[in-house]
Amino acid sequence: MSDISSIAPRDASATKPTRAMPTSRTGLIILAVMLITLPFWISYVGGYTDLASRVLIYALAGMGLNLLLGFTGGLSFGHAAYFGLGSYGVGLMLKYETHSTLLALLVGTIVGGLAATLLGPIAVRRRGIYFSMITIAIGQMFFFIAVRWNALTGGEDGLAGFSRQPIAGIPLGSNNLYYLILIFFGLGAAVLWTILNAPLGHTFVAIRENRKRLTFLGINVDRYIAISFSISGFIVALAGGLNALLDNFTSPDNLKYTLSGNLLIIAVLGGMRNFWGPLAGALVFILVQDYVSNITRNWMTVIGLIFIVSVMYFPKGILGFFGRRSRS
Amino acid sequence: MSLLQLDHISRRFGAIKALTDISIDVAQGELRAIIGPNGAGKTTLFNLISGFFPPSEGKIIFDGSEITAVSPAILVKRGIIRTFQITEIFLDLTVYENLRVAAETAMGLNLVPFMSRARRQAIESKVDELLDLVKIGGKADRIAGELSHGDQRVVEVGIALSRQPKLLLLDEPTAGMGDEETHHMTGLIRSLNKDQKITILFIEHDMNIVFGVADRITVLDNGTMLAEGNAAEIAANPRVQAAYLGQEA
Ligand SMILES: Nc1ncnc2c1ncn2[C@@H]1O[C@H](COP(=O)(O)OP(=O)(O)OP(=O)(O)O)[C@@H](O)[C@H]1O
Ligand SMILES: [Mg+2]
């Protein structure tokens, strides 16, 4: 099944049979209404606003990673690096440099995104498993820097002593912060959606499908994977920056390979060929983490079981399963 | 006027001599078949011309300039486009999407991150043109991987045509096809050559197709050139009969 098609509606005026866009447009409106009204009903279903904020942050990171993973076909085990750099960028800016939350977020995003832009081309020069290995190695490099550079980063204890500042006089309590995160989630999603519906995104998907064919059409495939890597790094760094705002704290855990793995799980669980897949993946992941970790410390075991079952029975992920469409 | 000249080309893989001292001249507008038994070196010849790897010896001249050891990406831009013995298309995408990314690539739009209305229309009309050209418009919204083998080959030709080739290399375009599909493909090859004026080299095992379609025929055997000529000459050539036609029968 072609999943890019589900996010790539053609002009309705075209003569060919068009795809069932109205349903997905309705779905999008329902999703938007649910997200916008969430603070008003979340407590009635046993949740709380910060939990929803966390879901959105991980969903955004998962969607960013998924541009590379699901839509370009590049398996990165090191995207925690960009998440972590985003979070440290925000933390350090707020702690030492600025009272502007937005400026801190901008700097964090640029730092993480630039790192991906500079390091992506190195990883891209290798194929398959070697590509993945290099992404891990690069990721771990930042982890060790954060652990060792105690004076700046707070080392293993993490970086505390900063807090998100009011924006234009509006304090960022749980609800306001949620809306700030929702805005950036929406922006990130819009950027990804726009790219995936443009020639650049079509090129990414074609790389996933058949590098050889594209090479023999005259495309420098490595260059485009590096571009996908870079964009994906910026989005993941933005998510990391938002996470630092949510926690008023960051630590080397946000740079560690376990987080890279978790982001992969989020993308695969939700359906990595599906645009909104990581949102579903993040919802499951964060809910399990929140509820099960109250009961047992081995909440990862539960995630692991869910992951195995889902990969075995719903290889296209949660949304892939529900979104199964018949084609003419 | 010759479009492609192979000048004393050889290619070795370690001890294997895949091609030895091959000289071929392909005229502008020609429809040339390359035939020969399995392992004769036909695909290797295409790999050399399309820049997949360079020859061990010899020169390749295309459109007046030497292209020996020039990269595939550059050759594509100069107008040498190929298909593969094993179909190379975008299997999980629809036929339309296959041709769309090909069209966008041909139009040099790959870096464009935002689709404007005008651009979308320009792309769509180019894709529709390609769909018409290979006559697969009726299956535009089908997933390429779910199509018959023959239709997948047609999609691959459509992808190749997006780049407006001067020289089209087709590696066994009709292999594994049923009669009807073969008929469609040979009709397509002929019309691309006669109507679109594309010089075509195609590798083919089916003698009926070769004799029925090609202007000229080059016969390879065991890495060497056995014969070259039109259908009548090749059919009458005793060396060809001994080495190749005899085996086929
Ligand atoms: N990349 C390669 N490395 C090593 N040997 C190769 C390579 N490519 C081709 N050969 C060898 O060169 C010889 C010619 O192969 P080639 O694929 O060109 O034959 P062909 O005429 O296309 O045959 P077929 O009809 O089976 O497709 C064979 O012996 C093959 O094993
Ligand atoms: Mg061959």
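Out of curiosity, is A:Ile145 away from chain B (no Cβ under 14 Å), closer than 27 Å to A:Trp276 by Cβ, free of Cβ contacts under 8 Å to residues at least 24 places away in the same chain and assigned to a helix (DSSP H, G or I)?
no
Would region B:56-75 turn up any residue that is within 11 Å of chain A (Cβ to nearest Cβ), more than 14 Å from the chain's Cα centre (by Cα) and either within 16 Å of ligand 2 (Cβ to nearest atom) or open to solvent by 40 Å² or more (accessible area, probe 1.4 Å) (or both)?
yes
Counting just the residues of region B:110-132 that are free of Cβ contacts under 8 Å to residues at least 12 places away in the same chain and of a type in the set (A, V, I, L, M), which one comes out farthest from the other protein chains (Cβ to nearest Cβ)?
Going through the qualifying residues, I end up with B:Ala118.
Hey, any hits in region B:202-209 for a residue that's of a type outside the set (D, E, K, R), under 24 Å from B:Arg11 (Cβ atoms), within 12 Å of the chain's Cα centre (by Cα) and part of a strand (DSSP E or B)?
Step one: list which residues in region B:202-209 are of a type outside the set (D, E, K, R), which gives B:202-203, B:205, B:207-209.
From the residues that got through so far, the ones that are under 24 Å from B:Arg11 (Cβ atoms) too are B:202-203, B:205.
Keeping just the survivors that are within 12 Å of the chain's Cα centre (by Cα) gives B:202-203.
After this cut, where a residue has to be part of a strand (DSSP E or B) as well, the list is B:202-203.
Yes, that holds for at least one residue.
What are the pairs, 6+ residues apart or on separate chains, where a residue within region A:90-111 that is more than 13 Å from A:Leu172 (Cβ to Cβ) has its Cβ under 7 Å from a residue that is part of a loop (DSSP other than H, G, I, E, B)?
Close Cβ pairs satisfying both conditions: A:Gly91/A:Phe162; A:Lys95/A:Gly161; A:Lys95/A:Phe162.
Could you tell me whether region B:158-170 includes any residue that is open to solvent by less than 10 Å² (accessible area, probe 1.4 Å), within 16 Å of ligand 2 (Cβ to nearest atom) and over 27 Å from A:Ala226 (Cβ atoms)?
yes
With the requirement that a residue be away from ligand 2 (no atom under 14 Å from the Cβ) and within 14 Å of another protein chain (Cβ to nearest Cβ), what does region B:39-55 give you? I'd like the intermediate steps shown before the answer.
First, pick out the residues of region B:39-55 that are away from ligand 2 (no atom under 14 Å from the Cβ): B:51, B:53-55.
Listed by number, the residues that qualify are B:Gly51, B:Phe53.
Condition first: facing chain B (nearest Cβ under 8 Å), of a type in the set (S, T, N, Q), part of a helix (DSSP H, G or I) and open to solvent by 10 Å² or more (accessible area, probe 1.4 Å). Now tell me which residues in region A:203-240 satisfy that.
Correct list: A:Thr215 only.
Restricting to region B:76-109, and then to whatever is within 14 Å of the chain's Cα centre (by Cα) and among the polar types (S, T, N, Q), can you tell me which residue is farthest from the other protein chains (Cβ to nearest Cβ)?
The extreme case among them is B:Gln85.
Could you list all residues from region B:133-167 that are within 10 Å of chain A (Cβ to nearest Cβ) and closer than 29 Å to B:Ile61 by Cβ?
B:Glu156, B:Ile159, B:Ala160, B:Ser162, B:Arg163
Within region A:148-162, can you find the residues that are free of Cβ contacts under 8 Å to residues at least 40 places away in the same chain and closer than 12 Å to A:Val90 by Cα?
The answer is none; no residue qualifies.
Can you confirm whether region B:3-21 contains a residue that is open to solvent by less than 10 Å² (accessible area, probe 1.4 Å) and away from ligand 1 (no atom under 16 Å from the Cβ)?
Among the residues of region B:3-21, at least one is open to solvent by less than 10 Å² (accessible area, probe 1.4 Å) and away from ligand 1 (no atom under 16 Å from the Cβ), which makes the answer yes.
In region B:2-34, what residues are more than 19 Å from B:Lys59 (Cα to Cα) and out of contact with any strand residue (DSSP E or B) (no Cβ under 8 Å at 6 or more places or on another chain)?
B:Gly14, B:Ala15, B:Ile16
With the structure loaded, tell me whether A:Leu75 is within 17 Å of A:Val221 (Cβ to Cβ), touching a Leu at 6+ places or on another chain (Cβ under 8 Å) and open to solvent by 20 Å² or more (accessible area, probe 1.4 Å) or whether it fails that test.
yes
Tell me whether region A:13-34 contains one or more residues that are open to solvent by less than 30 Å² (accessible area, probe 1.4 Å) and modelled with pLDDT under 90.
For region A:13-34, residues open to solvent by less than 30 Å² (accessible area, probe 1.4 Å) and modelled with pLDDT under 90: present.
Of the conditions (1) over 17 Å from the mean Cα position of the chain (by Cα); (2) more than 11 Å from chain A (Cβ to nearest Cβ); (3) more than 12 Å from ligand 1 (Cβ to nearest atom), B:Ala27 clears all except one; give me its number.
Of everything listed in (1) over 17 Å from the mean Cα position of the chain (by Cα); (2) more than 11 Å from chain A (Cβ to nearest Cβ); (3) more than 12 Å from ligand 1 (Cβ to nearest atom), B:Ala27 misses just condition (1).
The values are calculated or read from the model by the stated rules, or taken from the named source; none is laboratory data. Keep in mind the model is a prediction, meaning the values are calculated, not measured. Cβ sites come from the backbone with ideal geometry, for glycine too, and all protein chains shown count toward neighbours. Each accessible area value is taken on the protein alone, full model and side chains, heavy atoms only, with ligands, DNA and RNA left out. Shrake-Rupley method; radii C 1.70, N 1.55, O 1.52, S 1.80 Å.
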